[in-house]
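Student: Just dropping this structure here.
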Amino acid sequence: MVINFEQVHNYYERLVFEAVARQSAAHPGFTSDMLADVACVALNRLPARYVRHDVDMMFYLTEHERHAIEQSMAEGLIFAFAFVADRVAKRQALV
């Protein structure tokens, strides 16, 4: 039997990547590497929610759960942008 795991992914990945891309205009000093770091930091602050199909996840969520996801993503992204900016500033201060 062949088992195909290619469809399995963390539900938050696409959402976070899209949010970082949207918010990148508000952070013109961030390089592409910094934006990738922002995505990593934000994803590490969110719970892992593995799914095969995003539609399945959205179908079974209550309105309260959807709101909680949006809120936790927003908080994670705010933290991640500040965290990466702070780390870069500290590195530059050492140079």
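Bear in mind these aren't lab numbers, they're just calculated from the coordinates by the rules spelled out. Predicted model, so just to flag it, every value in this text is computed and none were measured. Note that each Cβ is placed from the backbone with ideal geometry, even for glycine, and that neighbours are counted across all protein chains shown.
Student: Please compute the modelled spin-label separation between Val2 and Gln92, points set 7 Å along Cα→Cβ, answer in nm with one decimal.
Tutor: Output for this residue pair reads 5.1 nm.
Student: Now for a different question. With the chain treated as a Gaussian network of Cα nodes joined by springs under 10 Å, which of Ala82, Ala19, Ala74 yields the largest mean-square fluctuation?
Tutor: Among Ala82, Ala19, Ala74, the largest GNM mean-square fluctuation belongs to Ala82.
Student: May I pose another question? Among the helices of the chain (complete DSSP H runs), which have Cα atoms covering no less than 15 Å along the helix axis and a Kyte-Doolittle mean of at least 0.0? Before the final figure, lay out each step's value.
Tutor: Values: long enough: 11-23 (19 Å, -0.27); 32-45 (20 Å, 0.71); 63-94 (47 Å, -0.05).
The qualifying helices are 32-45.
Student: Multiplying the sequence separation of Phe79 and Arg22 by 0.36 nm and subtracting their Cα-Cα distance, what value in nm do you get?
Tutor: Working: separation 57, 0.36 × 57 = 20.52 nm, distance 1.60 nm.
Full extension of this stretch gives 18.9 nm more.
Student: Would you mind ranking Ser32, Ser24 by Cβ crowding within 10 Å, fewest neighbours first? Walk me through the numbers on the way to the answer.
Tutor: Values: Ser32 8, Ser24 15.
Going from least to most buried by this count: Ser32, Ser24.
Student: What number, rounded to the nearest 500 deg cm²/dmol, is the helix-based mean residue ellipticity at 222 nm of the chain, given -39500 (n - 2.57) per DSSP H run of at least four residues and division by all its residues? Intermediate results must be reported in sequence, preceding the final value.
Tutor: Numbers: 4 runs with 66 residues, N = 95.
One gets -23000 deg cm²/dmol as the mean residue ellipticity at 222 nm.
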